[in-house]
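Following: one structure in structure tokens, then a few remarks.
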Amino acid sequence: MFLSTMKEIAHSEKMSFVDRSKETQADLVRLKKDPGYRLINIGVEREDGVGLSAGNLGLSQYEVAIGFSEGSNPAQAHQFADLVVETLKRKWDIHVVPSDRGALPMKGCAGE
């Protein structure tokens, strides 16, 4: 459901959707570092660099960290980020990670 939502956002905003999840999973299997759940490694981008990347590597299978890029148009990038967050909030809990911290797994999200 998350991937289809992100594809819909990319399509509606006339942006490219890039999914490297399978390649990343295969790389980790080769390195014997497969986390044991389906990985997400995607990007949504526009030619001017506005976009996002999202993934769950280092998190649980039920969490995804999203980072936004401003490209050459910070005002539109912030509008895009707001649109994405509001869209995702309709379906999932969203937690903002302060800019001086990285995303860490949350308690209770490991499927216990």
request  = Give the longest segment of the chain that steers clear of trypsin sites (Lys or Arg not before Pro) in DSSP loops with at most 11 neighbouring Cβ atoms within 10 Å, not counting the sites themselves.
outcome  = 39-89
request  = Could you check how much of the accessible area of the chain is carbon and sulfur, as a whole percent, using a 1.4 Å probe?
outcome  = 52
key: From phi via Karplus (6.51, -1.76, 1.60), per-residue ³J(HN,Hα) for the range 78-95 in Hz, x at Gly/Pro   = 5, 5, 5, 4, 4, 4, 5, 4, 5, 5, 5, 4, 5, 10, 9, 6, 10, 10
task = Please work out which option in [x] 19.6, 73; [y] 14.4, 51; [z] 14.5, 43 gives Rg and Dmax of the Cα atoms in Å calculated from these coordinates, and answer with its label.
result = [z]
note = Given a 1.4 Å probe, the accessible area of the range 1-90 per residue, as a whole number of Å², is 63
Per-residue [θ]222 nm for the chain (sum of -39500 (n - 2.57) over DSSP H runs n ≥ 4, rounded to 500) = -10500 deg cm²/dmol
inquiry  = If I model a spin label as a point 7 Å beyond the Cα along the Cα-Cβ vector, how far apart are those points for Arg101 and Asp48 in nm?
reply    = 3.3
query = Along the charge dipole of the range 1-90, which of Ser72, Asn56, Thr87 sits closest to the positive end, that is, farthest toward it, with unit charges on the beta carbon of Lys, Arg, Asp and Glu (+1, +1, -1, -1)?
reply = Asn56
task = Report, ordered by chain and residue number, the lysines lying within cross-link reach of Lys32, taken as a straight Cα distance under 29 Å and ignoring same-chain residues fewer than 8 apart.
result = Lys22, Lys107
ask   = Expressed as a rounded percentage, what relative contact order does the chain have, with Cα pairs under 8 Å and six or more residues apart?
value = 19
ask   = What FRET efficiency comes out for the pair Asp34/Asp82, r = Cβ-Cβ distance, R0 = 30 Å, nearest 0.05?
value = 0.30
inquiry  = Can you say what percent of the DSSP beta bridges in the range 29-69, counting only those with both residues inside, are antiparallel? Round to 5.
reply    = 100
query = Roughly how big is the chain's charge dipole about its Cα centre, with Cβ charges of +1 (Lys, Arg) and -1 (Asp, Glu), in debye to the nearest 20?
reply = 420
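The values are calculated or read from the model by the stated rules, or taken from the named source; none is laboratory data. Note that this is a predicted model, so its numbers are computed, not measured. Quick reminder, even Gly has a Cβ in these numbers, built from the backbone with ideal geometry, and neighbours come from all protein chains shown. Just the protein is used for accessible areas: all its heavy atoms, side chains included, with ligands, DNA and RNA removed. Shrake-Rupley method; radii C 1.70, N 1.55, O 1.52, S 1.80 Å.
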